[in-house]
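The values are calculated or read from the model by the stated rules, or taken from the named source; none is laboratory data. Everything numeric here is computed off the predicted structure, so don't read it as measured data. Cβ placement follows ideal geometry from the backbone for every residue including glycine, while neighbour counts extend to all protein chains displayed. Note: areas computed on protein heavy atoms with side chains; ligands, DNA, RNA excluded. Shrake-Rupley method; radii C 1.70, N 1.55, O 1.52, S 1.80 Å.
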Amino acid sequence: FLATYADDVKIYNHPDQLIMDGKDAMQKNYGRLFEQMQKLHCEIVNRIVMGNKVIDQESVRLSPDRYIRAVAIYEITGGLISKVWFVR
């Protein structure tokens with residue numbers, strides 16, 4: 001999962017609230033999330049690619065009966081994800 005991200009990746013709640021800074025922070029936060037939510041699953045409903053931006057509309061299963069919808073905007077630099085914005 002982390003191999004696709006730059007070491008200095010920045011993750012934001014759209015538009016500019018920094019929620020994670022760097023791959024180490026991602027590993028800590030997502031590691032905890034994956035441990036707590038064994039049934040977590042994300043399905044890409046729609047994807048748009050424009051230049052170095054990828055915009056995904058996602059359906060995220062948090063538990064067998066709980067779903068949320070989200071939009072993730074990824075910026076790619078040097079073949080790795082360097083920035084992410086979540087629109088909730």
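Numbers for the structure displayed
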quantity	calculated
Residue check, residue 45 in contact with a strand residue (DSSP E or B) (Cβ under 6 Å, 6 or more places away or on another chain), surrounded by fewer than 15 Cβ atoms within 10 Å (Cβ to Cβ), among the β-branched types (Val, Ile, Thr) and in contact (Cβ under 8 Å) with a residue 40 or more places away in the chain	no
When residues of the stretch 3-27 are limited to those that are outside any strand (DSSP E or B) and open to solvent by 40 Å² or more (accessible area, probe 1.4 Å), the one nearest to residue 86 (Cα to Cα)	14
Pairs where the first residue, in the stretch 5-31, is under 16 Å from residue 54 (Cα atoms) and the second is open to solvent by less than 40 Å² (accessible area, probe 1.4 Å) and in a loop (DSSP other than H, G, I, E, B), C-beta under 7 Å, 6+ apart	9/22
Scope the stretch 28-59; condition of a type in the set (A, V, I, L, M) and under 16 Å from residue 85 (Cα atoms); matching residues	44, 48, 49, 50, 54, 55
Meets criteria (at pLDDT 95 or above, under 18 Å from residue 1 (Cα atoms) and under 12 Å from the mean Cα position of the chain (by Cα)) for residue 54	yes
